[in-house]
Amino acid sequence: MLSGLACMTLRLLVLGATGKTGTHILDLALARGHQVTAFVRSPQKIVRRHPALSIVQGDPMQVNALAQALPGHHAVLSALGPSGREAFQPNSLLAECAASTVAAMERASVTRLAMVSAALLFPGGGLRFALFRRLIRHHLRDLVAAEAVIRATPFDWTLARPPRLVEAPEETYRSEREALPTGAWSMSFRAVGAFLLDCIEQGAHTREVVGLARR
Ligand SMILES: NC(=O)c1ccc[n+]([C@@H]2O[C@H](COP(=O)([O-])OP(=O)(O)OC[C@H]3O[C@@H](n4cnc5c(N)ncnc54)[C@H](OP(=O)(O)O)[C@@H]3O)[C@@H](O)[C@H]2O)c1
C-alpha cells in the first residue's frame, strides 16, 4: 500500500486526460510537482507542454498498450467518460476500460487506482437525482459494471462519486465514505481532481467508495 506520499514526487498515469475532469487532474498534478503520463487516444487535444508531462497515444481498452506505458508509475487516475451522445445509449466503455486497466496494472505491478464514478449511484437525492438516473441509465449501468470490476481486485482503489460537475476554480470539497453527503448537488471538476490527488498522496480512502460535494 502507498501511504504518506505527500512530500514525494509521484509518477501518475492519467486516463481521460483530455476530458473536463482529466484536464484539471493534469493541471493540479503538475502544479503539485508530480510526473504525469497522459495516456490518451487524441494527443493533439493536449496543447500544454511541461517538462514533467509525457503524452502517450493509446487506446485504454488495449491491455498491451497500457501495460507498456505503466511500469514505474505509482498510481493510475481515471476520469474516462462517454461522449455526450454515448451517455444516452447502451455502452460498455467504462467497464471495458476498467477491465483492461486492472489487467495492465497486474502486469505492471501497479496497485493504486483512483477513478471518477458518479453520485447518482447512491440511493436518495430526491426527484432531481431520480430524473437524472432515468436519463443516463445506460451510463450508470456501465459505471456500476466498472466499479464491480475494480472492487473485485486486491488493489488499493478509490471510487469517487461526485454530483453534477461544473467549471469553477475551487479545489475544496466535502467527502463522505459510502454515502451521498448532505446537499450534494454540484461541485467543480477541479475539486474532484484535487480529491483524487489527495487520496493518492495521503494513501487515503483505499478500498472505499466516497461521496463528494461542494464545501
Ligand atoms: N460531467 C459531470 O457532470 C459528471 C458528474 C458526475 C460524474 N461524472 C463522471 O466523471 C467522468 C468524467 O467526466 P467528464 O465530464 O470529465 O468527461 P469528459 O469531459 O467527457 O471526458 C471523457 C474522457 O474520456 C475519453 N474517452 C471517451 N470515450 C473514449 C474512448 N472510446 N476511448 C478512449 N477514451 C475515451 C475522452 O477522450 P477524447 O477527448 O479523446 O474524447 C475524454 O478524455 C465520467 O465517467 C462521469 O460519469 C461526470
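Values in this text are rule-based calculations from the coordinates and carry no lab data. A quick note: this is a predicted structure, and the numbers were derived from the prediction, not measured. Positions of Cβ are generated from backbone atoms using ideal geometry, with glycine treated the same way; all protein chains shown enter the neighbour counts.
Going by alpha carbons, how many degrees (0 to 90, nearest 10) lie between the helix axis of 189-202 and the longest principal axis of the chain?
So the helix axis and the longest Cα principal axis differ by about 60 degrees.
Please list, by residue number, every one of the trypsin sites (Lys or Arg not before Pro) in segment 34-67 that is coil in DSSP and has at most 16 other beta-carbon atoms within 10 Å. Could the numbers behind the result be given before it?
Values: sites: R41, K45, R48, R49; in loops: R41, R48, R49.
Within segment 34-67, the qualifying trypsin sites (Lys or Arg not before Pro) (loop, at most 16 other Cβ atoms within 10 Å) are R41, R48, R49.
May I ask what percent, to the nearest 5, of DSSP beta bridges between residues of the chain are antiparallel? Write down the numbers at each step before the final one.
Values: 4 of 33 bridges.
Expressed as a percentage, antiparallel bridges in the chain total about 10.
Taking a cut-off of 21 Å, what percent of all Cα-Cα pairs in segment 100-215 are separated by more than that?
Numbers: 2480 of 6670 pairs.
More than 21 Å apart: 37 percent of the Cα pairs in segment 100-215.
For L80, list long-range residues whose amide hydrogen, built 1.01 Å from N in the peptide plane, is under 5 Å from its own amide hydrogen.
Residues meeting the criterion, in which the H sits 1.01 Å from N, are V116.
Estimate the FRET efficiency between A130 and N64 by the formula 1/(1 + (r/R0)^6), using the beta-carbon distance for r and 41 Å for R0, to the nearest 0.05.
Details: r = 41 Å, r/R0 = 1.01.
That pair, A130 with N64, gives E of 0.50.
Describe numerically, in nm with one decimal, the distance between label points set 7 Å from Cα along Cα→Cβ at S54 and at R215.
3.3 nm
Which residue, S100, S42, S78, has the most motion in a Gaussian network model of the chain that connects Cα atoms within less than 10 Å?
Its mean-square fluctuation being the largest, the pick is S42.
Run the numbers on the chain and let me know its relative contact order in percent, using alpha-carbon pairs under 8 Å that are six or more apart.
Relative contact order here is 22 percent.
Could you tell me the calculated FRET efficiency between E170 and A145, based on Cβ-Cβ distance and R0 = 30 angstrom, to the nearest 0.05?
Details: r = 31 Å, r/R0 = 1.05.
Efficiency, from the Cβ-Cβ distance: 0.45.
So which residue, out of Q57, Q202, Q68, gets the largest mean-square fluctuation from a GNM of the chain using Cα contacts under 10 Å as springs?
Checking each option, the largest mean-square fluctuation is seen for Q68.
Rounded to the nearest 10 degrees, what's the angle between the helix 20-31 long axis and the longest principal axis of the chain, both from Cα atoms, 0 to 90?
Orientation of helix 20-31: about 40 degrees from the principal axis.
Run the Debye formula on the Cα coordinates of segment 11-213, all scatterers equal and no solvent, and tell me log10 I(q)/I(0) at q = 0.07, 0.10, 0.15, 0.18 1/Å.
The calculated log intensity ratios at q = 0.07, 0.10, 0.15, 0.18 Å⁻¹ are -0.18, -0.37, -0.88, -1.32.
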